[in-house]
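Readers should treat all values here as calculations from the given coordinates under stated rules, not as data from a laboratory. As the structure is a prediction and not an experimental result, all values here were calculated from the model. Neighbour counts are summed over all protein chains in view; Cβ atoms, including those assigned to glycine, are modelled from backbone coordinates with ideal geometry.
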Amino acid sequence: MRRTRVLAIAGVAAVCGGAAAFASHVPQVDPATVPTGFLAAHNKVDGIRVSSLARAVQWRNADVFIQHVQLRPDEATPWHTHPGPVFVEVVKGSLTYEDGHRGECRRLPYEAGKGFFDRGFGHVHRVVAGPAGADLYPVYVLPPGSTNHLIQAPAPEECTTTGDSGDDEHASDDHTDDSGMKPSDE
């Protein structure tokens, strides 16, 4: 009986330690160093897919991460995906969102006050900062226990050829608002 109890306690400790390891894959900023107030307000975020959010939430729970990213002028992130959806708000400067879409490398511009929703779950993309750089706040909504918020991936085939059109005239419902307008239409 005592041995069973000791094994049960050891098992619970191992599971709790494993959960702490999952939750600590990124460092958290000390809240005392962040000014109070809204970090972003009234940013227009387009392309929100409720189905991606529903897929990330399991048993009414999700792991949520909020990050401040600063990119230098013309700096590009690596090609990547996420284990769940991400709301991205551009708060300073501008950036271009790139992904493969309908056989072409699509490039969609976003400026401060605008944002986009990336559905994650294998959707490969990257962002490239504009000439003045970019500050953005990604808000990750990930399935519980996600061990990473960013998964590097190879560039989509459409974005590796020299003949890609690279225009943004082929925006889908991923990056348009209810009126069908792309961020560059406004």
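A few remarks follow.
- Exposure proxy for Thr161, Thr36, Thr81: other Cβ atoms within 10 Å of each Cβ, ordered fewest to most, give Thr36, Thr161, Thr81.
- Within segment 52-120, the percentage of alpha carbon pairs spaced more than 19 angstrom apart rounds to 41%.
- Take 143-156, 65-78, 102-115 and order them by the average number of nearby Cβ atoms within 10 Å per residue, most first; the result is 102-115, 143-156, 65-78.
- Gain in span if fully extended, Phe121 to Thr160, counting 0.36 nm per residue against the direct Cα distance: 11.9 nm
- Computed extension gain for Val57 through Leu39, at 0.36 nm per residue and net of the alpha carbon distance, reaches 4.0 nm.
- Two-site label geometry, Val69 and Asp30: point separation in nm, points 7 Å out along Cα→Cβ: 2.7
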